[in-house]
Amino acid sequence: MHFIRYIFALLLSFGLLASCSLDESSRFYSTETNYEVSLNKNASIAHNTSKVLEQKTIPDYPYGKNPKQVCDIYLPKGRTFNKTKVLVLLHGGGWINGDKAGMKKYIKEIQQRNPRHAIVNMNYRLANENTYAFPNQFNDLQLLLQDLKNNARDFQINPEFGLIGASAGAHIAMMYDYTYDQEDAVKFVCSMVGPTDFTHSYYQNRPDFQDLLNLLVDPTVYQNISENVEVLSPAHQVSNMTSPTIMFYGENDPLVPIENAYVLNEKLDFFNIEKDLMVYSGGHNNWADSDYKNLHNTLSTFIEEHLPIN
């Protein structure tokens, strides 16, 4: 218990913790039919393609067996299996805390600018003394995308994805696309202040960084991690298979050094990956209203370019 308290204090010092709450719901009502559909893995989600499907929200849909393996699904009006592509949101919280409720503030803006896309706002297993963050959180994202693919006709979605992450969630999104997405199901990645390079002196010169790694990293999967942090650094995993990446960072961020954005930008340039980098004058995702307006407008354009719905 003292160790866990110490780790929470450590993560607070990194400034990556965020706590959120969300009302739980386990049932929804179909807008295409007049009967209730139970949200469980044995139930089929009814749809009727003979008419235009109405907008629908499915809260706390379970994509796995763990209580944290749930997501909120926002299905647009007029969706079809052939056209409706999917944006997946990943919350921050230092890999040990946080909730999908932290990303809800982005959903309305995305729906207004990209109304034909489906949105999936996911939770994932959080690191604790019994559960490592890596690779479990990468595996959770893979499990979610596979579930959406398996049920694409029920949801009436086209299983092509864009990943939009904040802070730790951006790190998960980048690592998944850069190392796990062998089928190229992910078409672009958005990083909002995501760590990209753990070789940076900000991390390496902190004596408590090794304690953080001990909590987050499964040593049976990532061996000698203290000498090989590149394996968990997205900037060091870029290749010619990397998806287009859009980046939003604060030049005065005390938690994720702005050099993390620049080194990733350089690696993407080296491999000729399409990318965009916006740098704002604020810190760790606390920017001016005009900057957030710019973020949403720029992101919307990037979505339409790299995950178009024709």
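Of note:
- Rounded to the nearest Hz, the phi-derived 3J(HN,Hα) couplings of the range 137-147 under the Karplus curve 6.51 cos²θ - 1.76 cosθ + 1.60 (θ = phi - 60°) are 6, 5, 5, 5, 4, 4, 5, 4, 4, 5, 5, where x marks glycine and proline.
- Rg/Rh for the range 117-231 (Cα atoms only, Rh after Kirkwood) is 1.01.
- To put it simply, the accessible area of the range 180-301 at a 1.4 Å probe is 46 percent carbon and sulfur.
- In order along the range 238-252, the phi-based Karplus estimate (6.51 cos²θ - 1.76 cosθ + 1.60, θ = phi - 60°) of 3J(HN,Hα) comes to 5, 8, 6, 9, 5, 7, x, 10, 10, 10, 10, 9, x, 5, 10 Hz; Gly and Pro are listed as x.
- Modelled FRET efficiency - R0 30 Å, Asn205 with Arg153, Cβ distances, 0.05 increments: 0.05
- In this structure, the residue pairs whose Cα-Cα separation is over 28 Å, taken from Lys56/Lys275; Lys68/Lys267; Lys83/Lys275; Lys51/Lys100; Lys51/Lys149; Lys108/Lys267, are Lys56/Lys275; Lys68/Lys267; Lys51/Lys100; Lys108/Lys267.
- Each principal axis of the Cα cloud of the range 192-298 was evaluated for its coordinate range; sorted largest first, these ranges are 44, 31, 20 Å.
- Residue-normalised accessible area of the range 150-224, given per residue in Å² at a 1.4 Å probe: 34 Å²
- Note on Asn128 and Glu266: the extension gain reaches 46.3 nm, defined as 0.36 nm multiplied by sequence separation minus the Cα-Cα distance.
- Computed on protein heavy atoms with a 1.4 Å probe, the accessible areas place His296, His284 in the order His284, His296, largest first.
- Dimensions of the range 235-282 from C-alpha coordinates, computed as largest minus smallest value along each principal axis and given longest first, are 31, 17, 13 Å.
- Solvent-accessible area per residue, Å², over the range 254-310 with all protein chains present [probe radius 1.4 Å]: 51 Å²
- Put a plus charge on the Cβ of each Lys and Arg, a minus charge on the Cβ of each Asp and Glu, and nothing anywhere else: the dipole of the range 91-152 about its Cα centre is then about 380 debye.
The values are calculated or read from the model by the stated rules, or taken from the named source; none is laboratory data. Please read all numbers here as calculations on a predicted model, not as lab measurements. Note that each Cβ is placed from the backbone with ideal geometry, even for glycine, and that neighbours are counted across all protein chains shown. Side chains included, ligands, DNA and RNA excluded: accessible areas come from the protein's heavy atoms. Shrake-Rupley method; radii C 1.70, N 1.55, O 1.52, S 1.80 Å.
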